[in-house]
1. Tally up the carbon and sulfur contribution to the accessible surface of the stretch 1-105 as a whole percent, 1.4 Å probe, everything protein left in place.
2. Any idea of Arg15's accessible area? Nearest 10 Å², probe 1.4 Å.
3. Would you mind telling me which residue in Val232, Val14, Val33 has the biggest mean-square fluctuation in a Gaussian network model of the chain, where springs connect alpha carbons within a distance under 10 angstrom?
4. Computed FRET efficiency, Cβ-Cβ of Gln135 and Arg213, R0 41 Å: what is it to the nearest 0.05?
5. Quick one: what are the phi-derived ³J(HN,Hα) couplings along the stretch 249-260, Karplus 6.51/-1.76/1.60 with θ = phi - 60°, whole Hz, x for glycine and proline?
6. Under a 1.4 Å probe, what is the accessible area of the chain per residue, stated in Å²?
7. Under unit Cβ charges (Lys, Arg +1; Asp, Glu -1), what dipole magnitude, rounded to 20 debye, does the chain have relative to its Cα centre?
8. Rounded to the nearest 10 degrees, what's the angle between the helix 138-150 long axis and the longest principal axis of the chain, both from Cα atoms, 0 to 90?
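The values are calculated or read from the model by the stated rules, or taken from the named source; none is laboratory data. Keep in mind that this is a model prediction, so the values were computed, not measured. Counting neighbours? That spans all protein chains shown, and the Cβs are built from the backbone with ideal geometry, glycine included. The protein model used for the area step is the full one, side chains on, heavy atoms only, and it has no ligands, DNA or RNA in it. Shrake-Rupley method; radii C 1.70, N 1.55, O 1.52, S 1.80 Å.
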Amino acid sequence: MIELIGLSKHYDTVRAVDDVTLTIPTGTVTVIVGASGSGKSTLLRLVNGLVTPTSGHVEINGRDTRKIPSHDLRRRIGYAIQDHGLFPHWTAARNIATVPDLLGWPKARVKQRVQELMTLLQLDPAVIGARYPHQLSGGQAQRVGVARALAAEPELLLMDEPFGALDPAIRAQAQSDLKALQVRLGTTVLLITHDMAEAIFLADHIAVMRAGRIEQYGTPADILARPANSFVSGLVAVADRPFRYLSLFSVADFVEDGPADGPPIPADATLSEALARMIWSGQDTLPVAGMADHCIRRHSLIGVAGPPRSGAVR
Ligand code: ADP
Ligand code: MG
């Protein structure tokens, strides 16, 4: 468990981070979302000690990070940033080995760890390992950056807009790859984005930040269904909130008895896919693949998406 306790960072008159208290449960993904200048990067840098707090502190499993030597903190907290921050004159393999090398791991162990991480991140060690950052595609460089951040088996992975520099076409793939990797490794992740859809996809918990403060903290479903104020509901983008909310559930969870005609929808499709298909085809029910005499009903989905809110566009 990572605890941020009353953390503040003031620069002259700017309260970059203003009294933030947040608990990040072990093995979960917490996403901080907010506009540019809201203090997200400063908050992340307070966690790994790159920025010294004006007040407050951070605890990892009950231990005050101010009492942890910096080399130890560097091992325990991985840090990946938007422009990957790779050293341009080092190969991909050497970049990944940065922290283990700094920590003085034996050469054979470093080499083995680099191979293991490259394979895990779908980078061929024999081909990509010897390349320099300028010889990598954006997606490869981003994965090398993540491999470097994970190299010393950190308890916490900090990611500052890790997909910000990626082409939208590969962004979605990078997001699902990260999710799969996190599930597999069980690493605790604190990730920043300014994209609410990305937050909803990746997060177990979302913290919405504005002007250095946390405006709302909750699960994606909480934030979508009950935005705390007009700022949060604005971020959630009123017009497609119901669709985003429906995308959190799968067809299998809302199957009902009854027949339906037409091509079946897979049971693992999301409710937003189901609703989109119904709207497109003009059907009020859809059969579910592999489930005879079961269907999904448009009327029920509208109920899941919630009653219209005043001012909401439906
Ligand atoms: P975000 O990552 O959400 O865009 P930042 O944490 O980078 O926001 O910045 C939050 C605020 O703190 C901004 O107003 C920024 O100008 C200010 N700030 C950040 N770093 C410094 C610094 N080193 N010196 C002075 N002001 C800073
Ligand atoms: Mg930033």
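1. That share works out to 51 percent.
2. Counting only protein heavy atoms, the figure is 140 Å².
3. Val14
4. 0.45
5. Computed from phi, the couplings for the stretch 249-260 are 10, 10, 3, 4, 6, 10, 5, 10, 5, x, x, 7 Hz.
6. With all protein chains present, the chain gives 48 Å² per residue.
7. Numbers: 31 positive and 31 negative charges, 211 e Å.
So the dipole magnitude of the chain works out to roughly 1020 debye.
8. 60
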